[in-house]
Amino acid sequence: MQTNELVQIVDAALASAVSRSGAHLACRAGCSQCCHGVFEISALDAARLREGLALAEPEVTGRIRDRAKEAQAKLGPFYPGNIATGVLTGTPEEIELFEEWAHAEPCPALDPETQTCDLYTHRPILCRTFGPPILNDPEEREAGLAICELCFTDATEDDIAAAEMDSGFRELQERAESEYETNNPGAGPTIVAFAFQDVAR
């Protein structure tokens, strides 16, 4: 199954980058800056989150659902998409403005007490790749590598280049996400807060 292969490849690339990042990487349990704010995830990411929710302990599932409902109530009036299905339908500009407006919104999967992810093993690809230096678009290397602002604060360019995460999984990611949407009519990109809606799966 492509999604399992994708997660394995991404996690292996992350582990390699982490080992090469050393003390420059601030990411650790309890650091949750990247768990605040909304961002687009694929329908496949949403399906993986729902799978994790179904496997979680009942009390954890209940807390996540409660937090998701609270987030949906707050974000719904401004959501650039279909709040019944959770699918984003707005223009890139509308989605960008929405993300800027909700930049401080905590992720429903984030435990507010421990500041850790309740669905960590089922988290979206973006969550798995955020932190170490990574090239998000092969055609825009001149724009530089994406890095968490808390990481590599005193690193040299050589340090950053040496820790770059292998982004060779992007082609497989695109294929897996496209295949999922093809096999699940009505599914589409969303955000974590709306990933638990009754999207076609």
**Asked** Extension gain Glu70-Phe39, at 0.36 nm per residue separation less the Cα-Cα distance, in nm?
**Response** 9.4 nm
**Prompt:** Taking the range 2-194 on its own, what percent of its Cα-Cα pair distances exceed 26 Å?
**Reply:** 35
**Helical contribution to [θ] at 222 nm, DSSP H n ≥ 4, -39,500 (n - 2.57), averaged over the chain, rounded to 500** = -13500 deg cm²/dmol
**Prompt:** What length, rounded to one decimal in nm, is gained on full extension from Leu126 through to Glu100, with 0.36 nm per residue of separation minus their alpha-carbon distance?
**Reply:** 7.6 nm
**Request:** Calculate the spin-label point distance for Cys31 paired with Glu93, positioning each point 7 Å from the Cα along the beta-carbon direction, and give it in nanometres.
**Result:** 3.7
**Segment Asp159-Gln115, length gained on full extension (0.36 nm per residue, minus Cα span)** = 13.0 nm
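Only the coordinates and a few stated rules stand behind these numbers; no lab work does. Here the structure is a predicted model, which is why all the values come from computation and not from measurement. Cβ atoms come from the backbone with ideal geometry, glycine included; neighbour counts cover every protein chain shown.
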